[in-house]
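Remarks on the structure that follows.
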There are 2 protein chains.
Amino acid sequence: MNINQADDALLALAQSFREALRQIVYVMRRLDSEEQLSSAQLGVLKMALDGGARVGGIARNLGVKVPSATEQIIKLERAGLVKREADPDDSRAVRVAATAAGRAAVENADRRRNQYIAGILGTLSQEERDAVEAALPVFDKINNSVQN
Amino acid sequence: MNINQADDALLALAQSFREALRQIVYVMRRLDSEEQLSSAQLGVLKMALDGGARVGGIARNLGVKVPSATEQIIKLERAGLVKREADPDDSRAVRVAATAAGRAAVENADRRRNQYIAGILGTLSQEERDAVEAALPVFDKINNSVQN
DNA sequence: CCTAACAGTTAGGTTACCTAAATATCAAGG
DNA sequence: CCTTGATATTTAGGTAACCTAACTGTTAGG
């Protein structure tokens, strides 16, 4: 009995959680549609900031397959925001590194997006902001458990 | 000074929040890719459960334009999960109603998805689950503030 | 009635994914 | 060395979900 109650509570939480997830996806889509750089491209660019990242690593971090990452990288390259160069240690690999323009674009996009989100968070009460803050590391943990 | 500190804290929270949003989008994508019914289609189906929903309302609720909603509705109709019928009050409008098969599909998909999410939430501590639960209504509020 | 506004569908295009196949390089064993 | 299997990326081709613009039919106000 007790165990079933726990299960029921968990399933109820799961249901609410799923609704929140769905809404968040829409929020994200909205946010993305108002910017030049998609959030996936911004993610690539950030990985390319320090020293350069490999295509496989970028794909893994983005949660997509390698060809999809390549596609975004090529777009960023055409936009002059990253450059692709041979990996000195492994000639099979490609290192993707941000250009100066790329670096500037990250700062710009980050600032704009943070201000947009901060504008929304600013309408919340302190308690609500605290609730969000407390939940964020849990979302991180959830994400990691889905990865595997 | 004080105001700027508040701004900085808000921007920092916004930054962490954005990272969580991005991760959640990936969790959602993963979840969707393992199911027959996309979460958008499941959303349509749920709106079609009680009495029937209009295409425009479905689109609004889904956060997409009307033609995109029509497209999903047609797919569901071809799969035998909804039927489209004239609105008795307004012949311009179409009412989308779930069939018996559609009703069953909702129950099935909901159960599967809830169990998947519950499986993840079950690995969390009680405190972590509480943190998630406390944050969910805030996400709801955020979503509403983005809608306008 | 006529006309503007509205509800949906159709047509055509874009973007972000995916899988499978091709290319190039690496590393380990014989 | 040289082959062979694994690894890193790109290319080719396809799908699904979205969009805007244009079209059809219906309603409702002047």
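The values are calculated or read from the model by the stated rules, or taken from the named source; none is laboratory data. This one's a predicted model, so the numbers in the text were calculated from it and none came from an experiment. Note: ideal-geometry Cβ built from the backbone for every residue, glycine included; neighbour counts use all protein chains shown. The protein model used for the area step is the full one, side chains on, heavy atoms only, and it has no ligands, DNA or RNA in it. Shrake-Rupley method; radii C 1.70, N 1.55, O 1.52, S 1.80 Å.
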* Structure fact -> Of those in segment B:55-70 that are open to solvent by 70 Å² or more (accessible area, probe 1.4 Å) and either more than 7 Å from DNA strand C (Cβ to nearest atom) or touching a residue at least 60 places away in the same chain (Cβ under 8 Å) (or both), the residue farthest from the chain's Cα centre (by Cα) is B:65
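Filter segment B:71-82 for residues that are within 8 Å of DNA strand C (Cβ to nearest atom) and not charged (D, E, K, R); which is farthest from residue A:16 (Cα to Cα)?
Result: B:74.
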* Among (1) surrounded by fewer than 17 Cβ atoms within 10 Å (Cβ to Cβ); (2) near DNA strand D (Cβ under 10 Å from one of its atoms), which single condition is residue A:79 missing? -> (2)
* **Single condition residue B:125 does not satisfy, out of (1) more than 10 Å from DNA strand C (Cβ to nearest atom); (2) open to solvent by less than 20 Å² (accessible area, probe 1.4 Å)** => (2)
* Applying the selection to segment A:82-119, what residues are within 12 Å of chain B (Cβ to nearest Cβ) and either open to solvent by less than 20 Å² (accessible area, probe 1.4 Å) or under 17 Å from the mean Cα position of the chain (by Cα) (or both)? -> A:109, A:110, A:111, A:112, A:113, A:114, A:115, A:116, A:117, A:118
* **Check on residue A:142, β-branched (Val, Ile, Thr), within 14 Å of chain B (Cβ to nearest Cβ) and either open to solvent by 40 Å² or more (accessible area, probe 1.4 Å) or assigned to a helix (DSSP H, G or I) (or both)** => yes
* Looking only at segment A:17-54, count how many residues are open to solvent by 30 Å² or more (accessible area, probe 1.4 Å) and away from every other protein chain (no Cβ under 13 Å). => 5
* Condition check for residue A:132: touching a Lys or Arg at 6+ places or on another chain (Cβ under 9 Å) and assigned to a helix (DSSP H, G or I) -> no
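Matching residues to (1) in contact with a helix residue (DSSP H, G or I) (Cβ under 6 Å, 6 or more places away or on another chain); (2) under 30 Å from residue A:92 (Cβ atoms); (3) outside any helix (DSSP H, G or I); (4) not hydroxyl-bearing (Ser, Thr, Tyr):
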| position | (1), (2), (3), (4) |
| --- | --- |
| A:9 | no, no, no, yes |
| A:16 | yes, no, no, no |
| A:19 | no, no, no, yes |
| A:26 | no, no, no, no |
| A:29 | no, no, no, yes |
| A:36 | no, no, yes, yes |
| A:43 | yes, yes, no, yes |
| A:50 | no, yes, yes, yes |
| A:59 | yes, yes, no, yes |
* To do: Quickly run through segment B:66-106 and pick out the residues that are part of a helix (DSSP H, G or I) and either of a type in the set (A, V, I, L, M) or not assigned by TED's automatic domain parsing to the domain that holds residue B:51 (or both).
  => B:66, B:69, B:73, B:74, B:76, B:100, B:101, B:104, B:105, B:106
* To do: Considering only segment A:83-101, state which residues are under 27 Å from residue B:20 (Cβ atoms) and within 16 Å of DNA strand C (Cβ to nearest atom).
  => A:96
